[in-house]
1. Here are A:Leu259, A:Leu268: which of them is surrounded by 23 or more Cβ atoms within 10 Å (Cβ to Cβ) and either part of a helix (DSSP H, G or I) or not charged (D, E, K, R) (or both)?
2. Take the residues in the range B:100-129 that are more than 16 Å from B:Tyr196 (Cα to Cα) and among the β-branched types (Val, Ile, Thr); name whichever of them is modelled with the lowest pLDDT.
3. Can you tell me how many residues within the range B:164-186 are at the interface with chain A (Cβ under 7 Å from one of its Cβ atoms), among the hydroxyl-bearing types (Ser, Thr, Tyr) and farther than 17 Å from A:Cys229 by Cβ?
4. Please go through the range A:292-314 and pick out each residue that is away from chain B (no Cβ under 13 Å) and either surrounded by fewer than 12 Cβ atoms within 10 Å (Cβ to Cβ) or closer than 27 Å to A:Val43 by Cβ (or both).
5. Of the residues in the range B:255-270, how many are within 14 Å of another protein chain (Cβ to nearest Cβ) and surrounded by fewer than 17 Cβ atoms within 10 Å (Cβ to Cβ)?
6. Being surrounded by 15 or more Cβ atoms within 10 Å (Cβ to Cβ), among the β-branched types (Val, Ile, Thr) and closer than 27 Å to A:Glu245 by Cα: is that true of A:Thr45 here?
7. Select from the range B:206-230 the residues that are assigned to a loop (DSSP other than H, G, I, E, B) and either charged (D, E, K, R) or within 8 Å of chain A (Cβ to nearest Cβ) (or both) and write down the one among them that is surrounded by the most Cβ atoms within 10 Å (Cβ to Cβ).
8. Where in the range A:68-159 are the strands (runs of 3 or more DSSP E), entirely inside, with at least 1 residues that are crowded, with 17+ Cβ neighbours inside 10 Å, under 19 Å from the mean Cα position of the chain (by Cα) and of a type in the set (D, E, K, R)?
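The values are calculated or read from the model by the stated rules, or taken from the named source; none is laboratory data. Predicted model only: the values in this text are computed from it and were never measured. Positions of Cβ are backbone-derived with ideal geometry, glycine not excepted, and every protein chain shown enters the neighbour counts.
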Amino acid sequence: MDYLDFEKPIEEIEAQLKKSRDLEQETEVDMSKSIRELEKRLVSTKKDIYKNLSAWQRVQLSRHPQRPYSLAYLEAITAGDFLELHGDRHVKDDKAMIGGWGKLGDFPVMFVGQQKGVNTKMRQYRNFGMANPEGYRKALRLMKMAEKFQRPVVTLIDTPGAFPGLEAEERGQGEAIARNIYEMSKLRVPIICLIIGEGASGGALGIGVGDRVLMLENTWYSVISPESCSSILWRSWDYKAQAAEALKLTAEDMLKNKLIDDIIPEPLGGAHRNREEMFEVVQKRLLKEITALRKTPVEKLLDKRLEKFEQMGVTKG
Amino acid sequence: MGWFTRRKEGITTRTKDKKETPEGLWYKCKRCKVIVSNEDHRKNLWVCKNCGHHERINAPEYFQLLFDEEQYTELNAKMTSGDPLKFEDTKKYTDRYQASVAKTGLNDAVSTAYGQLHGREVVIGAMNFNFIGGSMGSVVGEKISRAIDHALRNELPFIMISKSGGARMMEAAFSLMQMAKTSAKLARLGEAGLPYVSVLTDPTTGGVTASFAMLGDINIAEPNALIGFAGPRVVRETIGKDLPDGFQRSEFLLEHGFLDFIVERNCLKQRIDQFLGMTYPLEWDTEQTAS
């Protein structure tokens, strides 16, 4: 497990703990007292650190290299009953955007989501979770299929942004995202959006319009990454922590500003510290939301969806 | 052999010795540097007579250009931002905002109005680029949303003239959600069968391109306007190469299939009218069958 800078005290205690346990096994000397002591310290240190995370620390957790990505969630929450589908039917198959049918409990659900790579090679293959226009168009094709068969849509959001490349511009990155937002706002089936890592700007919103927009506890969602915000407004990369603070991008702030519907708590220390627990929590929550949303008549669902986004914004006069 | 020979190389006037031309009399084209009187420039709709460069203009100018006899009623003219995040970078957002209001005499980066276009009632929104880069925050989203409401209530066509650097960073996620708000409203307009004309002008980038600017029944643009999702600097840094000539310009977008046509400013009103004549009013079908 990799430790972030602010997790160093935890790393130290865990290392000591391991040493004590190893020593006990080797020498058969009773170390139980000091082990108990260390365990206690570990719990309180963890609590201290994770209860008071700054916005920037949350951003770091959201990008933790061992954090589970979309496909890991899908494998787990569908218990392997997942049928991945490919291609946008225009130019290609975007590896940064995945999707397909999966069973959530008894419900067939259409899933789409950005996918990051788990190692250096895969990160490149997945283009670091930055989708091209064909990714957004693939997502839309799948959502339209869900509408045809009257099945709910679940989107998993985890992207540092839509890809800002030359071909992306040629193929209309802006149009692709705009079209998805437009179509999602009137898709005649329930949509649940869940931010599982990074929710950067239009790249996230391109699969982010839904009846329920939920954020995992240690994720961020905003109009720009703290780094880019720092470079534009402070004209330097060094103010990312201040930018993260100023952007109010944490789940807590987003909920307070009524820009999302709810927060899903993560295991202590983040989703990667206990993946199985995280998957179970997510699966239960999605099932609960789908069960509730299926009861709402579609016209009412669409009115409420529009109303929710209509109310976002603070103006005077 | 010239009549005169240069004895000293590189004679330049120092900035402090340069004489300023009095403001308000002359216009020097940003592209070809040809100078014309401001009066002539205005008469030519702020387009350079020499090279055809379309100077950036704000909402009031577009309203003058498009509404019959320059008559229109503005909607929500007094709306201003609420600074929901108490945002502060090197400056406070509220200070930046006040400075922009003072500089431009406008209340935010969009103005919306209704009036007649060739005798047909329409709703028009137009953006003000010199108000914090034409950026979209809560006010821009809300005013566009309400302008579309006005169009829906009165069954009118909607025309949006975009000119924006994208979402306004100082309202962070609130700005982002304006993309959803405006697009969702346009979806309603579409369901009602009302026409939506999107006019993209220099520059239209970021969150505006990724929402209402690209969603027109027709997307049209002024010549040589910069239009894109990512800005050219970001794209250049991403690919590590120089960008091809004309990249992300109107003509490039037309070629790649994202615009219906390019329109010179002096034809804008006529071409919009021509399109509306084909698609509006809604009763055409029923009346034809009835008669």
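1. Being surrounded by 23 or more Cβ atoms within 10 Å (Cβ to Cβ) and either part of a helix (DSSP H, G or I) or not charged (D, E, K, R) (or both) holds for just one of A:Leu259, A:Leu268, which is A:Leu259.
2. Taking the candidates together, the pick is B:Thr104.
3. From the range B:164-186, those at the interface with chain A (Cβ under 7 Å from one of its Cβ atoms) are B:167, B:169, B:172-181, B:183-184, B:186; that's our starting set.
Now restrict to residues that are among the hydroxyl-bearing types (Ser, Thr, Tyr): B:175, B:183.
Filter once more, keeping what is farther than 17 Å from A:Cys229 by Cβ: B:183.
Looking only at that region, the number is 1.
4. A:Lys295, A:Pro297, A:Lys300
5. Adding up the residues that qualify gives 3.
6. yes
7. Step one: filter the range B:206-230 for residues assigned to a loop (DSSP other than H, G, I, E, B), giving B:210-211, B:215-217, B:222-225, B:228-230.
So of that shortlist, the ones also either charged (D, E, K, R) or within 8 Å of chain A (Cβ to nearest Cβ) (or both) come out as B:210-211, B:215, B:217, B:222, B:228-230.
Values: B:Ala210: 34, B:Ser211: 31, B:Leu215: 22, B:Asp217: 17, B:Glu222: 22, B:Gly228: 26, B:Phe229: 31, B:Ala230: 27.
Looking at residues that are assigned to a loop (DSSP other than H, G, I, E, B) and either charged (D, E, K, R) or within 8 Å of chain A (Cβ to nearest Cβ) (or both), I get B:Ala210.
8. Details: elements: A:82-84, A:97-104, A:107-114, A:153-159.
Output list reads A:153-159.
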